[in-house]
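Student: The structure under discussion is supplied below as structure tokens; questions concerning it will follow.
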Amino acid sequence: MPNARPSPEELLRRVEEEERQASRGRLKIFLGYASRVGKSFRMLDEGRRRKQRGQDVVIGFIQPKLGSEVQCLLDTLEVIPGLQARTEDKEWLVLDVVAILKRHPQVCLVDELAQENPPGSRNPQRWQDVQELLDNGITVVTAINLQHIAEIQETIEKITGKRAKQAVPEAFIHSADEIVIVDAPPEDLQLREPESAADTRRLSELRELALLVAAEVVDEQLHNSLKLQGVEMFLGSQERILVCLTPRSNAKRMLESGRRNAERFHCGFLAVYVRQPGLAPADAQLLDGHLDLARQMGAELHVLESTDSAQAILDFARSQAVTQLFVGHSLSSRWREMLFGNPLDQLIRAADTMDVRIFPHPATS
């Protein structure tokens, strides 16, 4: 059994980390899975409620075009005007970091987290402005759309056919102390914007992806809390993670998440593929890329032979004492599932001793 008594170096690290956390502002993110879900309203309402509780709250930035409900909330809060700048082809309104630091409120509300700053600014991007506020002890409440998280932009582009220009590193999102998904049924969003190219199915896929991002933030919070308490070495001693690959799976994200958790818990990291005969050349090429990526990331790779992929994965997972199963799923096949049954549902029902994490991936045509 590992030695439960921490070394002097470990005790010092914990004290320094506690001091850093105590002096740092807290970061709360409102995450939207699509436009017009109400992120700005939720952010401003959070500010209003904090002000009512006696906290010193200011608005550092808010998008200029607001609905009447949002404007009513805006009128109840102090606004620190942004800095205006102009380049050859664009007029800018940026966060006045110096003015906010001088004012030094308890809480600063910052909309449109993913915005870039003009050349010559204090920081190249707004999320870096926010980081500076946090480092100076100011709590920040901010809002961002899923499409602006850098590491998942490729996945979102496959779902929507569009790619956002601005991006925030996933690591910054994972550093949040709290994340809230601003949820709305896809059917409601479709009614609000009937001309939008994002149909209900695509909106549902984006919604599932947002839930996955939020779950990863919660995992990060748990990990940091346990690490601060010195219990990381005990957690996950029996964990084993298995990533299930298919040609159309979101392999990069699944493998990155699997490796991150394996490193965090110091546990086994496996990947498996159930061979499918007669793959189309394009699918075979995708699969080869996934398998190469699994090897590069250090996964213990296994290829299984079976006509029942779900049962083969379950049998293999049990033989390897797997505790976390990462699988992909496409929403587009639901009509087939109702007729013929869903292998994923069968797998989840049978994997009673394992945690199953589902990673949505774009539908094929």
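Student: Test Gln52 against the stated conditions and say whether it is farther than 27 Å from Leu209 by Cβ and not aliphatic (A, V, I, L, M).
Tutor: It is true that Gln52 is farther than 27 Å from Leu209 by Cβ and not aliphatic (A, V, I, L, M).
Student: Within 30 Å of Lys102 (Cα to Cα), open to solvent by less than 10 Å² (accessible area, probe 1.4 Å) and modelled with pLDDT under 95, is that true of Ala171?
Tutor: No; evaluated as a whole, the condition is false for this residue.
Student: For Ser35, indicate whether it is under 23 Å from the mean Cα position of the chain (by Cα), loosely packed, with under 15 Cβ neighbours inside 10 Å and either more than 25 Å from Asp188 (Cα to Cα) or in contact (Cβ under 8 Å) with a residue 24 or more places away in the chain (or both).
Tutor: Judged against the criteria, Ser35 is a match.
Student: Keeping to segment 76-89, report how many residues are open to solvent by 50 Å² or more (accessible area, probe 1.4 Å) and either closer than 21 Å to Lys28 by Cα or of a type in the set (A, V, I, L, M, F, W, C) (or both).
Tutor: The qualifying residues number 4.
Student: Mind telling me which of the residues Val140, Val130 ends up being touching a residue at least 12 places away in the same chain (Cβ under 8 Å) and outside any strand (DSSP E or B)?
Tutor: Result: Val130 is the single residue among Val140, Val130 that is touching a residue at least 12 places away in the same chain (Cβ under 8 Å) and outside any strand (DSSP E or B).
Student: Enumerate the pairs (first residue in segment 257-281 and polar (S, T, N, Q); second residue anywhere and open to solvent by less than 20 Å² (accessible area, probe 1.4 Å)) with beta-carbon separation below 6 Å, excluding pairs fewer than 6 apart on the same chain, so at least 6 apart or on different chains.
Tutor: Asn261/Ile241
Student: Among (1) touching a Gly at 6+ places or on another chain (Cβ under 6 Å); (2) part of a helix (DSSP H, G or I), there is one condition Val70 misses while meeting the rest; what is its number?
Tutor: (1)
Student: So, in segment 90-111, of the ones that are of a type outside the set (S, T, N, Q) and open to solvent by 60 Å² or more (accessible area, probe 1.4 Å), which residue ends up nearest to Ala143 (Cα to Cα)? Let's see the steps before the verdict.
Tutor: Initial filter on segment 90-111 (of a type outside the set (S, T, N, Q)): 90-105, 107-111.
Within this subset, residues satisfying the condition of being open to solvent by 60 Å² or more (accessible area, probe 1.4 Å) are 90-91, 93, 98, 102-104.
Details: Lys90: 23, Glu91: 22, Leu93: 17, Val98: 21, Lys102: 23, Arg103: 22, His104: 20 Å.
Applying the filter and picking the extreme gives Leu93.
Student: Residue check: is Ala262 over 21 Å from Val213 (Cβ atoms) and either in a helix (DSSP H, G or I) or open to solvent by 30 Å² or more (accessible area, probe 1.4 Å) (or both)?
Tutor: Taking the combined requirement at face value, the residue does not satisfy it.
Student: Still on this structure, please answer the following. Given (1) touching a residue at least 40 places away in the same chain (Cβ under 8 Å); (2) within 27 Å of the chain's Cα centre (by Cα); (3) on the phi < 0 side of the Ramachandran plot, identify the lone condition not met by Glu112.
Tutor: Result: Glu112 passes all but (3).
Student: In this structure, is Glu300 touching a Gly at 6+ places or on another chain (Cβ under 8 Å) and at pLDDT 90 or above? Show your work before the answer.
Tutor: Numbers: touching a Gly at 6+ places or on another chain (Cβ under 8 Å): yes; at pLDDT 90 or above: yes.
Considered against the rule, which asks whether it is touching a Gly at 6+ places or on another chain (Cβ under 8 Å) and at pLDDT 90 or above, Glu300 comes out as yes.
Student: Name the single residue, out of those in segment 176-198 being within 22 Å of the chain's Cα centre (by Cα) and at pLDDT below 80, that is nearest to Ile29 (Cα to Cα).
Tutor: Ala184
Student: State which residue is nearest to the chain's Cα centre (by Cα) when the search covers only segment 155-175 and only residues that are in contact (Cβ under 8 Å) with a residue 60 or more places away in the chain and over 13 Å from Ile29 (Cβ atoms).
Tutor: Thr155
Student: While we're here: Of the residues Leu255, Leu291, Leu270, which single one is at pLDDT 90 or above, open to solvent by less than 50 Å² (accessible area, probe 1.4 Å), closer than 27 Å to Ser319 by Cβ and touching a His at 6+ places or on another chain (Cβ under 7 Å)?
Tutor: Leu270
The values are calculated or read from the model by the stated rules, or taken from the named source; none is laboratory data. What you see is a predicted model, and the numbers here were worked out from it, not measured in a lab. So basically every Cβ, Gly included, is an ideal-geometry build from the backbone, and we count neighbours across all protein chains shown. Heads up: the accessible areas ignore ligands, DNA and RNA and are worked out on the full protein's heavy atoms, side chains in. Shrake-Rupley method; radii C 1.70, N 1.55, O 1.52, S 1.80 Å.
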